[in-house]
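Asks: This structure is in structure tokens; I'll ask about it shortly.
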Amino acid sequence: MSDAELVLRSTRVITPEGTRAASVAVADGTITAVLPYDAPVPAGARLEDLGDDVLMPGLVDTHVHVNDPGRTEWEGFWTATRAAAAGGITTLIDMPLNSLPPTTTVDHLRIKQDVARDKAHIDVGFWGGALPDNVKDLRPLHDAGVFGFKAFLSPSGVDEFPHLTRDQLATSLAEIAGFDGLLIVHAEDPHHLAAAPQHGGPKYADFLASRPRDAEDTAIATLIAEAKRLNARVHVLHLSSSDALPLIAEARAEGVRITVETCPHYLTLTAEEVPDGASEFKCCPPIREAANQDLLWQALADGTIDCIVTDHSPSTADLKTDDFATAWGGISGLQVSLPAVWSAARERGHSLEDVVRWMSQRTAALAGLDRKGAIEPGRDADFAVLAPDETFTVDPAHLQHRNRVTAYAGRTLYGVVKSTWLRGERIVAGGEFTEPKGRLLTRPH
Ligand SMILES: [Zn+2]
């Protein structure tokens, strides 16, 4: 047996080759071997016997708005990373906006890293932002280790992060393609949004009509056209419109370098069930109809959609008014994303291995994190320990994120996270957290 300080044993270990009874050996925070269940524990190594609880790779959530510094009354690194850890997430990548400053220059990146350093309970990396006026900052940010660049094609919701016009998209994407970087895009077309009926008020149906599917479809078509022309790598953030799926599948078949994510709320909540005035369900693009949701699941199954990320984007409770037009748009899902997705996935006949592929393996691959996303030798010993058949009811009082507003309140979900491990250390179990042990990550070269 190889050297080990720690051995985690479970009858159900999810590895890239499937689920089996195994013993996972860890030394210096790294997985050194995946051994037979009954392999002898080396002298000096500690055995952690997990029984029948599932040992799976820690989740990698590449879409989180931590808002720190600047809007720390909305969220912060301490609270967001605790919520993530409690939910089995061991790596998050922070979005460049809603913090002040936004992550749009190297100086701003340094400010954010300094703020995050001592508060991170899990590993944290950063996306940069592509704005109309920061093309010259993109390569320095890339060299400083951001994982890629986020751009909006329609207004972002905050003034300091303006969207790109089509010409500006072409300019930024050409610059990013020059160093084979990745552009991640909020794809809603501003002209289609402007042309949609804007009634405002508390009716969810009116809000849904104000963010139509064709706004997404058109923006995605634009993005595909530019990616194809420039042979650039692009990623569609938070896909909600199932109407865009054929476009995406066709582009990929033609060799366009495009990946796609969707979110737990699009997969587990439906427009039909959102109560009027309940703006904890507001996000952009919006939660759509049940029939749309069925097609998103189908696209996950057939690989058209690559991965699932939270788009955790909280605000203070007072900004969640009952007017859908003016309420803050964002859903807080960090802590419950795994059970929410797993509950819906199992009902649809998907396995926990599928969930691991969508929420850990593929998100790690999106970010190029080759030490994350799988239980195999050479990877970080980041784990979630899950009791997949146990249920719990979401009680906002037990959530760790700063503002305990949640669209999942009162839902009974399958999948209790028993503990979460980061580089071989148990960072949370039974609601008890260690001191922050997260590291700041930069894009691997
Ligand atoms: Zn977002």
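Read-outs throughout are calculated quantities, based only on the coordinates presented, and are distinct from any laboratory measurement. Quick caveat, the model's predicted, so the values are computed rather than measured. Reconstructed Cβ throughout: ideal geometry from the backbone, glycine too, with neighbour counts over all protein chains shown.
Asks: Using Cα positions and a limit of under 26 Å, work out the lysines in reach of Lys203, with same-chain residues fewer than 8 apart set aside.
Replies: Straight-line reach from Lys203, under 26 Å: Lys282, Lys320.
Asks: May I ask you to work out the translational diffusion coefficient for segment 186-331 at 20 °C, viscosity 1.002 mPa s, via Stokes-Einstein with Rh from the Kirkwood sum over Cα pairs, reported in whole µm²/s?
Replies: 137
Asks: Taking the chain as the reference, fit the longest principal axis to its C-alpha atoms, fit the long axis of helix 77-86 to the helix C-alpha atoms, and give the angle between the two in degrees, 0 to 90, nearest 10.
Replies: Roughly 60 degrees, rounded to the nearest 10.
Asks: Using θ = phi - 60° and the Karplus form 6.51 cos²θ - 1.76 cosθ + 1.60, what ³J(HN,Hα) does each residue of segment 115-128 get, whole Hz, x for Gly and Pro?
Replies: 5, 6, 3, 8, 10, 7, 7, 10, 6, 10, x, 9, 8, x
Asks: Of the residues Leu131, Leu173, Leu319, which exhibits the maximal mean-square fluctuation in a Gaussian network model of the chain defined by a 10 Å Cα contact cut-off?
Replies: Judging by the Gaussian network model, the answer is Leu319.
Asks: Could you go through segment 14-22 in sequence order and give the Karplus-derived ³J(HN,Hα) for each residue, using 6.51 cos²θ - 1.76 cosθ + 1.60 with θ = phi - 60°, rounded to whole Hz, and x for Gly and Pro?
Replies: Result, rounded to whole Hz: 8, 10, x, 8, x, 9, 7, 5, 7.
Asks: Output wanted: per-residue J couplings in Hz (rounded whole) for segment 344-357, from phi through Karplus 6.51 cos²θ - 1.76 cosθ + 1.60, θ = phi - 60°, x for Gly and Pro.
Replies: Each residue of segment 344-357 in turn: 6, 5, 5, 4, 8, x, 8, 9, 5, 4, 4, 4, 4, 4 Hz.
Asks: Follow-up question, since we're still on this one. So who's got an amide H within less than 5 Å of the one on Arg288, skipping anything under 5 residues away but keeping other chains? H placed 1.01 Å off N, in plane.
Replies: Ala271
Asks: Suppose the chain between Ala253 and Glu273 were pulled fully straight at 0.36 nm per residue; how much longer would it get relative to their current alpha carbon spacing?
Replies: That pair, Ala253 and Glu273, stretches by 3.6 nm at full extension.
Asks: Most fluctuating residue of Phe161, Phe179, Phe126 in a GNM of the chain with Cα springs under 10 Å: which is it?
Replies: Comparing Phe161, Phe179, Phe126 in a Gaussian network model of the chain, the most mobile one is Phe179.
Asks: Can you list residues whose amide H is under 5 Å from Arg439's amide H, if they're 5+ apart or on another chain and H is modeled 1.01 Å from N?
Replies: Distant-sequence amide H within range of Arg439: Asp123, Val124.
Asks: Return P(r) of segment 58-367 (all Cα-Cα pairs; 10 Å bins starting at 0; whole %; ordered from short to long distances).
Replies: Percent of pairs per bin, in order: 6, 29, 39, 24, 3.
Asks: For segment 127-200 and segment 6-73, what is the separation of their Cα centres, given in Å?
Replies: About 36 Å separates the Cα centre of segment 127-200 from the one of segment 6-73.
Asks: Next question, about the same structure. Helix-only mean residue ellipticity at 222 nm, the chain, DSSP H runs n ≥ 4 weighted -39,500 (n - 2.57), per residue, nearest 500. What is it?
Replies: After summing the helix terms and dividing by residue count, I get -8000 deg cm²/dmol.
Asks: Taking the Cβ of Ala278 as the centre, find all other residues whose Cβ is under 15 Å away and add up their charges (Lys, Arg: +1; Asp, Glu: -1).
Replies: Cβ neighbours under 15 Å give a net charge of -3.
Asks: Given the options Glu175, Glu216, Glu280, state which has the largest fluctuation in a GNM of the chain using a 10 Å cut-off (strictly under) for Cα springs.
Replies: Glu175
Asks: Take the Cβ-Cβ distance between Asp180 and Ala225 as r, set R0 to 30 Å, and report the resulting FRET efficiency rounded to the nearest 0.05.
Replies: Once rounded, the FRET efficiency stands at 0.95.
Asks: I would also like to ask the following. So for the pair Glu390, Ala290, with labels modelled 7 Å out along Cα→Cβ, what separation do we get in nm?
Replies: Result: 3.1 nm between the two label points.
Asks: In degrees between 0 and 90, to the nearest 10, how far off the longest principal axis of the chain does helix 290-302 point, with axes built from Cα atoms?
Replies: For 290-302 against the chain, the angle is about 50 degrees.
Asks: For the chain, take the longest principal axis of its alpha carbons; what is the angle in degrees between that and the long axis of helix 135-144, to the nearest 10 within 0 to 90?
Replies: The angle comes out at about 0 degrees.
Asks: For Lys150, list the aspartates and glutamates whose Cα falls under 12 Å from its own Cα; do not include residues on the same chain fewer than 8 positions away.
Replies: Output for Lys150: Asp94.
Asks: Can you list the residues, at least 5 places off or on another chain, whose amide H is less than 5 Å from the amide H of Val64, using H built in the peptide plane?
Replies: Result for Val64 returns Ile93, Met95.
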